[in-house]
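Here is the structure we will look at, set down as C-alpha cells.
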Amino acid sequence: MTMSAMVSNDEALIADPAAGPDLRGSWYEIDLGAIRHNYRELRDTLPATVKIYACLKRNAYGCGADTVARALAEEGADGFAVASLLDAMAIRRCGVQSPILLYPGAPIKAAAVIDALGLTVSISSLDELDLWRRALPTIRVFLKVDLGFFRAGATPRQAGSLMAAVSAAAGVHVEGLYAHISELPTSTPADVIRQFNRMQTILSAATSEGNRPPLVMMSSTEGVLNHPEMDLDAVDPGALFVGLTEGRSPVRRLTLRPALKAIVTHLVAVKRIDPSLGPLPSGLGFREDMMLGVVGFGWGDGFPREVPSGASALVGGLRVPILRPAHLEHLRLDLTRVPDARVGDPVILLGRQGDEEIPLAEVASLWNTDAVGLYASLRDHVPRLYL
Ligand SMILES: *Cc1c(COP(=O)(O)O)cnc(C)c1O
C-alpha cells in the first residue's frame, strides 16, 4: 500500500471528533442531559418574558462551547455570550445562528470576522464606539455599564452620554445594555442593592431621553438565584448551566445537576518493581516488589503539578494512591490493592467506578480550588465524551 492510500483511508477516522476519547485514551465525560436539565430549571423559574443569554465563556466552562451552544439553542436559549472570539467562532462553526454577545475585549483587528459571523460587540466608552465605527460600516452593539465592579463598562455618570451617542450614530444597531454584578472580596449584600439602584437610575434617565436600549440584562448565576427583582429583560448566567451555585441557600431553589461526570484515563504501563532498577528512591512511596501503574494523564492535562497528599484514583473499582511527583503527561499509581490490573485498564480520576466514587467536591478540594475553579481548569486538548 502506498503512503497516500494509507492517509486517505484513515481520513474519516482522523476527522471524526467523536473518536477523540478512544484515540487519546483520556477524556472528560460531560452530561449534556444535565446541562439541558439545568437550562429547563432556569427557564421554568423565570418569567416567560425574560430572555436567556447563556454565558458560555472559557469554552463553556471547559464543557465545549460549540456542543453546549447547540444543545441550548435546541432548548430555546435566546442568545449566547462569550469572552473569547474563538469560542464565538466555534459556536457559529457548528451551525448555531442565535445572537452572540462578545464580552469586552474583542480585538478591532478581528472586525471582518465579527461582521461576517454577525457577532455583537460590547462598548463601554465613546472611544470604543469610535474605533468600531471606523472599522466597520455597520455594527451590532451591547452597551456595557459598570455599576460598582470597577471593571469594564461605562460608569453610571458616563452611561447617559454613551447611550445618546450610540442612538444618534448611523450604522450602529443597539441590541441592548448590560452590567455584571460580581462581588469583590470587600463586597457586602447591600452592595448588590446599591448596584441595582444605579441601574434603575440609568434606565429611568434613558427612558425619559427616549433611548432605553431594547434588552437590559445584569443577572449572572448569583443574580438569577438570589435576586429575582434584577431579572429585567434578559439574564446571562453561565456557571448555572454546568450545575454550579454559589453554595448559599438561594431564593430560587433550582435542582441543578453537575455537567462533569468523570475524568477518565487508562493504564499505559504496569509492572512489578524489582531490584534491577537500583535502590528504591526514598520518600516517594515506592516499596520493594510493588506493583506500579502509570496513567496517560499529567499536570499538562490539568492535574496539579504537586500531587496533593491523599490524592487517589479508581482502578478495578478500588481506590489506589497517586504517587509523587506528577509529570507533564503521566502519573504513577501504587497498584498494591489491585494486583490484577492490566495495561489498558480504565482509571478514574473523578467519577464512579463500581461501588467507589471520587466526587467532584473531593477533586476540587484536593486540587486546591472550588467547583468553578475545577471547571475552569479543564483543558481544551483533552477530548470530551458527551453522555
Ligand atoms: C462570567 C460572566 C457572567 C456569568 O457569570 P456566572 O457566575 O458564571 O453565572 C455573566 N456576565 C459576565 C460579564 C461575565 O463575565
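The values are calculated or read from the model by the stated rules, or taken from the named source; none is laboratory data. Not measured: the values here are computed from a predicted model. Here the Cβ is made from the backbone with ideal geometry for all residues, glycine too, and neighbour counts use every protein chain on show. What goes into the accessible areas is simple: the full protein's heavy atoms, side chains included, and nothing from ligands, DNA or RNA. Shrake-Rupley method; radii C 1.70, N 1.55, O 1.52, S 1.80 Å.
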Report summary line: Those residues of segment 160-186 which are open to solvent by less than 10 Å² (accessible area, probe 1.4 Å), within 16 Å of the ligand (Cβ to nearest atom) and not in a strand (DSSP E or B) amount to ALA179
Report task. Select from segment 240-259 the residues that are away from the ligand (no atom under 15 Å from the Cβ) and either open to solvent by less than 30 Å² (accessible area, probe 1.4 Å) or closer than 25 Å to LEU102 by Cα (or both) and list them in ascending order. Result -> none
Requested in this report: State whether the residues of segment 44-54 include one that is open to solvent by less than 10 Å² (accessible area, probe 1.4 Å), part of a helix (DSSP H, G or I), out of contact with any strand residue (DSSP E or B) (no Cβ under 7 Å at 6 or more places or on another chain) and not charged (D, E, K, R).
Outcome: no
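Out of LEU280, LEU349, LEU333, LEU328, report the one residue that is among the aliphatic types (A, V, I, L, M) and touching a Lys or Arg at 6+ places or on another chain (Cβ under 8 Å).
Values: LEU349 fails: touching a Lys or Arg at 6+ places or on another chain (Cβ under 8 Å); LEU333 fails: touching a Lys or Arg at 6+ places or on another chain (Cβ under 8 Å); LEU328 fails: touching a Lys or Arg at 6+ places or on another chain (Cβ under 8 Å).
Criteria check complete, one pass: LEU280.
Within segment 347-385, count every residue that is open to solvent by less than 70 Å² (accessible area, probe 1.4 Å) and either in contact (Cβ under 8 Å) with a residue 40 or more places away in the chain or among the acidic types (Asp, Glu) (or both). First the steps, then the outcome.
Residues of segment 347-385 that are open to solvent by less than 70 Å² (accessible area, probe 1.4 Å), as a first pass: 347-351, 353-354, 356, 358-360, 362-364, 366-367, 369, 371-378, 382-385.
If we keep only those that are either in contact (Cβ under 8 Å) with a residue 40 or more places away in the chain or among the acidic types (Asp, Glu) (or both) too, we end up with 347-351, 354, 356, 358, 360, 362-363, 366-367, 371-372, 374-378, 382-385.
Summing the residues that are open to solvent by less than 70 Å² (accessible area, probe 1.4 Å) and either in contact (Cβ under 8 Å) with a residue 40 or more places away in the chain or among the acidic types (Asp, Glu) (or both) in segment 347-385 gives 24.
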Query - ALA69 under 16 Å from ARG36 (Cα atoms), surrounded by 22 or more Cβ atoms within 10 Å (Cβ to Cβ), within 14 Å of the ligand (Cβ to nearest atom) and in contact (Cβ under 8 Å) with a residue 24 or more places away in the chain - result: no
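Each row is one residue, and each column tells you yes or no for (1) of a type in the set (Phe, Trp, Tyr); (2) outside any helix (DSSP H, G or I); (3) out of contact with any Asp or Glu (no Cβ under 7 Å at 6 or more places or on another chain).
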site	(1), (2), (3)
ASN59	no, no, no
CYS63	no, yes, yes
ALA69	no, no, yes
MET89	no, no, yes
Query raised in the report: Could you say whether any residue in segment 198-217 is in contact (Cβ under 8 Å) with a residue 12 or more places away in the chain, in contact with a Ser or Thr (Cβ under 8 Å, 6 or more places away or on another chain), closer than 17 Å to ALA54 by Cβ and more than 12 Å from the ligand (Cβ to nearest atom)?
Result: no
Requested in this report: Return the residue satisfying two criteria in turn: it lies in segment 83-98 and is more than 14 Å from the chain's Cα centre (by Cα) and polar (S, T, N, Q), and of such residues it is farthest from the ligand (Cβ to nearest atom).
Outcome: GLN97
Query - Answer residue from segment 302-327, given it is among the β-branched types (Val, Ile, Thr) and in contact with an Asp or Glu (Cβ under 7 Å, 6 or more places away or on another chain) and is farthest from SER365 (Cα to Cα) among those - result: VAL315
Requested in this report: List every residue pair whose Cβ atoms sit under 9 Å apart, with the two residues 6 or more apart in sequence or on different chains, where the first one lies in segment 99-111 and is farther than 21 Å from ASP236 by Cβ and the second, anywhere, is among the aromatic types (Phe, Trp, Tyr).
Outcome: ILE108/TRP132; ALA111/TRP132
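Quick grid of which residues meet (1) within 16 Å of the ligand (Cβ to nearest atom); (2) within 17 Å of the chain's Cα centre (by Cα); (3) aromatic (Phe, Trp, Tyr):
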position: GLU329; (1), (2), (3): no, no, no
position: THR336; (1), (2), (3): no, no, no
position: PRO339; (1), (2), (3): no, no, no
position: LEU350; (1), (2), (3): no, no, no
position: GLY354; (1), (2), (3): no, no, no
position: GLU357; (1), (2), (3): no, no, no
position: ASN368; (1), (2), (3): no, no, no
position: LEU374; (1), (2), (3): yes, yes, no
position: ASP380; (1), (2), (3): no, yes, no
Report task. Out of the residues in segment 104-131 that are surrounded by fewer than 20 Cβ atoms within 10 Å (Cβ to Cβ) and either among the polar types (S, T, N, Q) or under 20 Å from the mean Cα position of the chain (by Cα) (or both), state the one that is farthest from the ligand (Cβ to nearest atom). Result -> SER125
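Name the single residue, out of those in segment 220-234 being in a helix (DSSP H, G or I) and among the charged types (D, E, K, R), that is modelled with the lowest pLDDT.
So in segment 220-234, the residues in a helix (DSSP H, G or I) come out as 221-226, 228-230.
From what's left, among the charged types (D, E, K, R): 222, 229.
Values: GLU222: 92, GLU229: 96.
The extreme case among them is GLU222.
Would it be correct to say that PRO237 is under 20 Å from SER122 (Cβ atoms), within 15 Å of the ligand (Cβ to nearest atom), touching a residue at least 60 places away in the same chain (Cβ under 8 Å) and in a loop (DSSP other than H, G, I, E, B)? Step through it out loud before you land on a result.
Numbers: under 20 Å from SER122 (Cβ atoms): yes; within 15 Å of the ligand (Cβ to nearest atom): yes; touching a residue at least 60 places away in the same chain (Cβ under 8 Å): yes; in a loop (DSSP other than H, G, I, E, B): yes.
Yes; evaluated as a whole, the condition is true for this residue.
Please go through segment 178-201 and pick out each residue that is over 21 Å from the mean Cα position of the chain (by Cα) and small (Gly, Ala, Ser).
Listed by number, the residues that qualify are SER187, ALA190.
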